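Each value in this text was obtained by applying a stated rule to the coordinates, not by laboratory testing. Just so we're clear, the structure is a prediction, and the values are computed from it rather than from any experiment. Cβ atoms come from the backbone with ideal geometry, glycine included; neighbour counts cover every protein chain shown.
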Amino acid sequence: MTEQLQERFQSLFGQQNQHTFFSPGRVNLIGEHIDYNGGLVMPCAITFGTYLLTAPNKEGKFRFRSINFEEVLDIGVQPSYQKVGEYWYNYPVAVIHHFIKEGKQVQGMDMLFYGNVPIGSGLSSSASIEIATAYALNQLCNAGFSKLDLVKLCKRVENEFIGVNSGIMDQFAVTFGEASKALKLDCETLDYEAVNCFLGDYLLAIINTNKPRKLAESKYNERVGECQAALESLKSELDINYLCDIDSETFDKHKDSIESDVVKDRAEHVVKENERVNHAARELAAHNLHKFGELMYASHESLKNLYEVSGKELDTIVEFCSLRDDVAGARMTGAGFGGCAIALVKKDSFQDFEDKLIPYYTEKIGYAPSVYSSLIGDGVKEI
Ligand code: GLA
């Protein structure tokens, strides 16, 4: 794989690459849409991700190429950059923009990207490409950022340059992920623990709905806005900074300070999902996968009915899973509105699971899903 990429680099840029970095995608086991509410989340890095081959050049330009996309960009070193259309290279350009904004000196570089995370599938292909770029720039330009600085910088990339008001979970997981471990991350304090992700006889299946994601970014920002509205209302009665600062009992006492029923539902999801994560972390530590799986199903129901970010494609997958004894639990993962579901499937029946899910889904939805079994891998690194 990397040999072919090296040859491609040489033929595209007329020089050899000096470094190869790998930055993973991620799945979130549980704790959805609560990172931007100061909640507890449990993501893991996966073994699919983005390869970045790079070397400085003498042209004083950034030259971006991708194996996945046709569009190319050659652009000089400038004091600042702006987003151009919806092109993939906005992500690395945005990272460079934010390095410069932080007063870092950057130099012209050739960059070739190859990603095997399905794009726009909710597995954080964008955080993966951002962190790959930031990690490489940090090293090549001796910028001296810590890993946590890079995570925060890439969150600003999403919020300020790309225009998605996302939380910190994806960039964090992609950077700090560890093989066979899930991160138990408190998004208010950024304290985290890498906990053993014991799956016993089960494996982690990732099912891509293959639904083209439309309006996902504006719907996402709408949910963030609804949570802010709920917080403002609750603050008239409570001294809190985030929705996840309260438990469900306190929420029930004060929920009528929120006027809109829809906003009340959003807040209820957030508060209860946060409690579910605490519960799920205890069940995982006790190797109680059945209980963990039940909490995954409960999380999905809440995302479907209260938070309204699922859809018939994701629901069809989760419904199929719930009908099988060899699946401990399943739920949508990531932002939703299409994208991927995850399921804990008995290892020895995975083939049967895949063989039956594909026609079940295709008959109901009109096209096939993609089914993968994934390992939990490491965070960003030079390879
Ligand atoms: C996207 C965002 C994350 C998080 C999830 C939902 O992946 O980038 O910050 O909010 O959605 O949990």
Cα-based reach from residue 58 at 21 Å (exclusive), listing lysines while leaving out same-chain residues under 8 positions away: 104
In straight Cα distance, which aspartates and glutamates are under 12 Å from residue 347, not counting same-chain residues fewer than 8 positions off? 201, 326
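For residue 73, what charge total do you get from the other residues with a beta carbon under 14 Å from its beta carbon, if Lys and Arg give +1 and Asp and Glu give -1?
On the way: positive: 61, 63, 65, 83; negative: 59, 70, 71, 74, 86, 110.
Local charge sum for residue 73: -2.
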By the Kirkwood definition, with r running over pairs of different Cα atoms, the chain has a hydrodynamic radius in Å of 21.4 Å
Just to confirm my numbers, what's the Cα centroid distance between segment 164-217 and segment 311-338 in Å? 17 Å
Please list, or write none, the lysines whose alpha carbon is within less than 16 Å of the alpha carbon of residue 155, excluding same-chain residues fewer than 8 places away. 83, 101, 147
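Evaluate Rg over Rh across segment 2-196, taking Cα atoms for both radii and Kirkwood's formula for Rh. Each step should come with its number before you reach the end.
Working: Rg = 16.2 Å, Rh = 16.9 Å.
Reported Rg/Rh (Cα atoms, Kirkwood Rh): 0.96.
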Going by average Cβ neighbours within 10 Å, how do the peptides 278-286, 308-316 rank, with the highest at the top? 308-316, 278-286
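Membrane-span-like helices in the chain: DSSP H runs reaching 20 Å or more (Cα, own axis), mean Kyte hydropathy at least -1.0?
Helices meeting the criterion: 125-140, 216-235, 261-285, 289-305, 350-365.
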Which order results if 187, 321 are arranged by neighbouring Cβ count within 10 Å, fewest first? 187, 321
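Rank by packing, highest mean first: peptides 76-87, 292-303, 168-179, 243-254, with packing defined as the count of other Cβ atoms within 10 Å averaged across residues. List each step's numbers first, then the result.
Working: 76-87: 11.5, 292-303: 21.8, 168-179: 24.9, 243-254: 17.0.
Going by the mean number of other Cβ atoms within 10 Å, highest first, we get 168-179, 292-303, 243-254, 76-87.
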A correct fewest-to-most ranking of 130, 226 by other Cβ atoms within 10 Å would be 226, 130
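Run the numbers on the chain and let me know its relative contact order in percent, using alpha-carbon pairs under 8 Å that are six or more apart.
Working: 780 pairs, mean separation 89.7, N = 383.
Relative contact order for the chain comes out at 23 percent.
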For segment 167-259, compute Rh as the Kirkwood radius over C-alpha pairs and then the Stokes-Einstein diffusion coefficient at 4 °C and 1.567 mPa s; write the answer in µm²/s, rounded to an integer. 78 µm²/s
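At 222 nm, what helix-only mean residue ellipticity would the chain give, in deg cm²/dmol to the nearest 500, using -39500 (n - 2.57) for each DSSP H run of four or more?
Values: 11 runs with 154 residues, N = 383.
After summing the helix terms and dividing by the residues of the chain, the value is -13000 deg cm²/dmol.
Taking neighbour counts of Cβ atoms within 10 Å as a proxy for exposure, in what order, fewest first, do 34, 240 appear?
So the ranking, lowest neighbour count to highest, is 240, 34.
Please compute the contact order of segment 2-196 in relative form: average sequence separation of alpha-carbon pairs under 8 Å and at least six residues apart, divided by the residue count, as a percent. Intermediate values should be presented prior to the final figure.
Values: 381 pairs, mean separation 52.1, N = 195.
Relative CO of segment 2-196 lands at 27 percent.
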Here are some pairs, 211/304; 211/272; 152/381; which of them have Cα atoms lying more than 26 Å apart in this structure? 211/272
